[in-house]
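Down below is the structure, laid out as structure tokens.
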Amino acid sequence: MIDDGEPFKRIADGIILHPFHSHNLRLEISRAYDEKKYCQGCALPFYEGQSYSCMEMECGFILHESCASAPRMKRHPLHPHPLTLKVAIKGRDNAEGIFSCSVCFRQGNGFFYEHDTEERNFQLDLRCASINEPFDYQAHKHPLFLASNPDKIKKCLMCKNGRITFLLECMECDYVICFRCSTFPCKVRYKHDGHFLTICDGEEVRDQPDWCEACEVQIVEYGFPGLKRENFKFFYKCNEYCCTALHVECLFGNDIYMKPGNTIKDCIAQCTYFSDFDGDKWVEYQILLNNSVSRPFCSECMGRCPFPIFFKGYNTIYCSWVCVPIDHD
């Protein structure tokens, strides 16, 4: 048995057994970006650095070293009770096989922290759980702290959303950022660029308008999902000579914490109402990489799926979890 204070069982030097996987994992160092590799913990891609990979030949389970070392229990300033590390698996206690972060409101199918009571179910993804005070945000020169007056309406300077409760603010200037924006990686990789891309804020958008490498839309003209187009204020850009630029959504999609499955048995589910059945049914969906030559069409919005992953049902395809219907005529 693994003690509550230990994130995993150490088998040998560089070899561990994680409680959320049945095979031993080996510590490896990677310097090459592989767009097909996703961390089973945070669901983000691997760019470089240390990771734990499954030692079984046919198993693709892999974890960032930091995700493998996530403590089994954790306290966080946003919740008064201890949180327990869990994994989203479709089963009796989780019919959908996903979680929904109570702070950034993203849904995911990897690791998350939870405190569940009859009154409230509080869930926290790994990225939001990693934020503590003071928070050293790489895109800002000063440390950030939880908003001292959360009831006071303030706009996130990145997404310009003024309806968000969970904010981080700077004590030395007027910088304010929401948890959702602050948890985007500051540095990422793109399959058609050999350098790292760094996150750019609104000032850089106004000074140097760029065109997105993926959708070929001007960065300054695009909008954050759910907001007006002119409110979008950040993107990723290569600062080397190639100057590759990408919208956040084009790089990560709408479902940043949804990872593709390793096997055909890996799936999530949505409770859908069928009018001809006059009742609800659980419909299963596979999450697949969108890496074919011809991108599939979404059965809901009828456009080509533009994001890194898509959701496949029995005879339907959806470009994002938002498009998956809850009602079916």
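Quick notes on this structure:
- The candidates 321, 282, arranged from most to least accessible area with a 1.4 Å probe in the full protein assembly, appear as 282, 321.
- Calculated accessible area for region 9-69 comes out at 55 Å² per residue, all protein chains present (probe 1.4 Å; ligands, DNA, RNA ignored).
- Under 22 Å from residue 160, Cα to Cα: lysines that are on another chain or at least 8 residues apart: 141, 152, 187, 228, 233, 237
- Looking at region 131-183, the accessible area is 56 square angstrom per residue; that uses a 1.4 Å probe and ignores ligands, DNA and RNA.
- Per residue value of the accessible surface for region 264-323 (all protein chains in place, 1.4 Å probe), Å²: 60 Å²
- Portion, in percent, of the accessible area of the chain that falls on carbon or sulfur, probe 1.4 Å: 48 percent
The values are calculated or read from the model by the stated rules, or taken from the named source; none is laboratory data. Keep in mind it's a predicted model, so treat the numbers as computed, not measured. Side chains are part of the model used for accessible areas, which takes the heavy atoms of the whole protein and leaves out ligands, DNA and RNA. Shrake-Rupley method; radii C 1.70, N 1.55, O 1.52, S 1.80 Å.
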